[in-house]
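The block underneath contains the structure these notes are about, expressed in structure tokens.
The values are calculated or read from the model by the stated rules, or taken from the named source; none is laboratory data. Predicted, not measured: the structure shown is a model, and the values here were computed from it. As a convention, Cβ positions derive from the backbone with ideal geometry for all residues, glycine included, and neighbour counts pool all protein chains shown. For the accessible areas, the whole protein counts, side chains as well, though only heavy atoms, and no ligand, DNA or RNA atoms are used. Shrake-Rupley method; radii C 1.70, N 1.55, O 1.52, S 1.80 Å.
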Amino acid sequence: MTHLWVRAEQRENETRVGITPEGVSTLMAQGITVTVEACGTRAIETADYVATGCAIAAMHSWPDAPEDAIIFGLKELPEDGTPLRHTHIMFGHAFKGQISGQILLRRFQAGGGTLLDLEYLTNDTGRRVAAFGYWAGFAGAAVALKSWAAQQRGTFCAPVSPYANAEALKTDLARDMQAAGNAPTTLIIGALGRVGTGAADLCKAMNAPVTGWDMKETANGGPFPEILSHDIFLNCILAGPQTPVFVPKSALTAPRNLSVIGDIACDPDSDYNPVPVYDRATTWTAPALRVHEDPVMDVMAIDNLPSMLPLESSQDFAGQLLPTLSQLDGDQDGVWARARATFATHMAALG
């Protein structure tokens, strides 16, 4: 019998969860055993999971879970170097050559465990079965607009923190925008995807004019002077070898209206970074990085944006993922089999 163990997140500012109490009830009705760790900061209260009748374990007790338990979380595990003996479902960030990812894979190698990476759970057409993209775009656009509004006041974007819900975020942002005056113009690349849709919806809610681009508009490879004519540019695509550079370093000293880049994809360490004007992710404490003074340019590149809206992003992601979790016993569509094969390929390459 499958045993799913839902761990409490251990990353700072991370209060999302990948399954709702309703989802727990669904899995239990199918005969899957579910254990949920208690957590006082989770976006969904522990009491709501207690009401399902599932087992409740102490917070962060997953290392002592039964050998056959599948440990389910979202973000990184503590970097303590301990061998990992369980099967883990999470975002591992370990299959693109990242140094931290190689260290994580070594831990699985040492413990004999398995990583089923949420980023690599795909259907038979190659599309991810669940993603936080919409809320990453929504929150990322909000912080980019906050950065622009701060510039109008001659200051930097203030620290950000989680909001109770999207309405609370919009109410707070509306005050910033009202104080700034006219709304900025925004160009979104990747406008037809989940991330771009979320970004566009937030901009429209703030009455900020949006120009939406996708693959068609960037097919010529650039340069893209239209980006520099907008006040804000939002990058909403994951770059690859064929992705052109959208904002080169030369743009920093070029004539431009552009003063805020929201790199929602946030991959500054990649060789394919399409906005190579910055070299590190930004943080909740310092959301915007000043990369040029005159004319001013700030980059927003927070790497866990959906955590700003933990309730909506949890509910959305959990709803997308539940049908796949329900297949843990049977794997009818091959999603879990593909994830195991991906892990095996990278472990073999590890040597």
Farthest towards the positive end of the dipole of the range 127-236, among Gln152, Gly221, Leu192 and with Cβ unit charges of +1 on Lys and Arg and -1 on Asp and Glu, lies the Cα of Leu192
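Accessible area per residue for the chain in Å², computed with a 1.4 Å probe and the full protein assembly in place, what is it? Intermediate values should be presented prior to the final figure.
Values: 15170 Å² over 351 residues.
On a per-residue basis, the chain sits at 43 Å².
Taking Cα pairs under 8 Å and at least six residues apart, what relative contact order does the chain come out at, in percent?
Computed value for the chain: 19 percent relative contact order.
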Could you pull out which residues in the range 168-201 have an amide N less than 16 Å from a spot 7 Å beyond the Cα of Asp214, following the Cα-Cβ vector?
188-201
What are the principal axis extents of the Cα atoms in the range 194-311, in Å, biggest first?
39, 31, 31
For labels at Ala58 and Arg290 in the simple 7 Å Cα→Cβ model, what's the distance in nm?
4.8 nm
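So what is the diffusion coefficient of the range 249-341 in µm² per second by Stokes-Einstein at 25 °C and 0.890 mPa s, using a Kirkwood Rh over Cα pairs?
Values: Rh = 16.3 Å.
Translational D for this selection: 151 µm²/s.
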Result: in the chain the number of Lys pairs with C-alpha under 29 Å apart, spaced 8 or more or on different chains, is 11
Could you list the residues of the range 109-141 with an amide nitrogen less than 20 Å from a label point located 7 Å from the Cα of Asp331 in the Cα-to-C-beta direction?
109, 111-130
So what does the Cα-only Debye profile of the range 279-326 read at q = 0.24, 0.27 Å⁻¹, as log10 I(q)/I(0), no solvent term?
-0.85, -0.94
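Specify the longest stretch of the chain that does not include any exposed loop site, a site being one of the GluC sites (Glu not before Pro) with a non-H, G, I, E, B DSSP assignment and at most 15 other Cβ atoms within 10 Å. Intermediate results must be reported in sequence, preceding the final value.
On the way: sites that count: Glu12, Glu45, Glu67, Glu79.
After excluding every exposed loop site, the longest remaining stretch is 80-351.
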Mind running the shape call on the range 110-239? Use the C-alpha gyration tensor, a ≥ b ≥ c as the square roots of the eigenvalues: rounded below 1.5 for a/c, prolate if a/b tops b/c, oblate otherwise.
oblate
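For the chain, what does the convex hull of the Cα positions come to per residue, in cubic angstrom? It would help to have the intermediate numbers written out before the result.
On the way: hull volume 46.9 nm³, N = 351.
Roughly 134 Å³ of hull volume per residue.
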Counting only protein heavy atoms, what percent of the accessible surface of the chain is carbon or sulfur at a 1.4 Å probe?
53 percent
Give me the percent of Cα-Cα pairs in the range 173-234 that sit more than 20 Å apart, rounded to a whole number.
28 percent
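Counting only complete DSSP H runs, which helices of the chain cover 18 Å or more along their long axis at the Cα atoms and score a mean Kyte-Doolittle of -0.5 or above? All intermediate terms of the calculation are to be shown ahead of the outcome.
Details: long enough: 99-111 (19 Å, 0.28); 133-152 (29 Å, 0.37); 166-180 (21 Å, -0.31); 310-325 (21 Å, -0.01); 335-350 (23 Å, 0.56).
Sorted by number, the helices that extend far enough and score high enough are 99-111, 133-152, 166-180, 310-325, 335-350.
Suppose the chain between Ala174 and Gln102 were pulled fully straight at 0.36 nm per residue; how much longer would it get relative to their current alpha carbon spacing?
Numbers: separation 72, 0.36 × 72 = 25.92 nm, distance 4.28 nm.
Result for the pair: 21.6 nm of gain on full extension.
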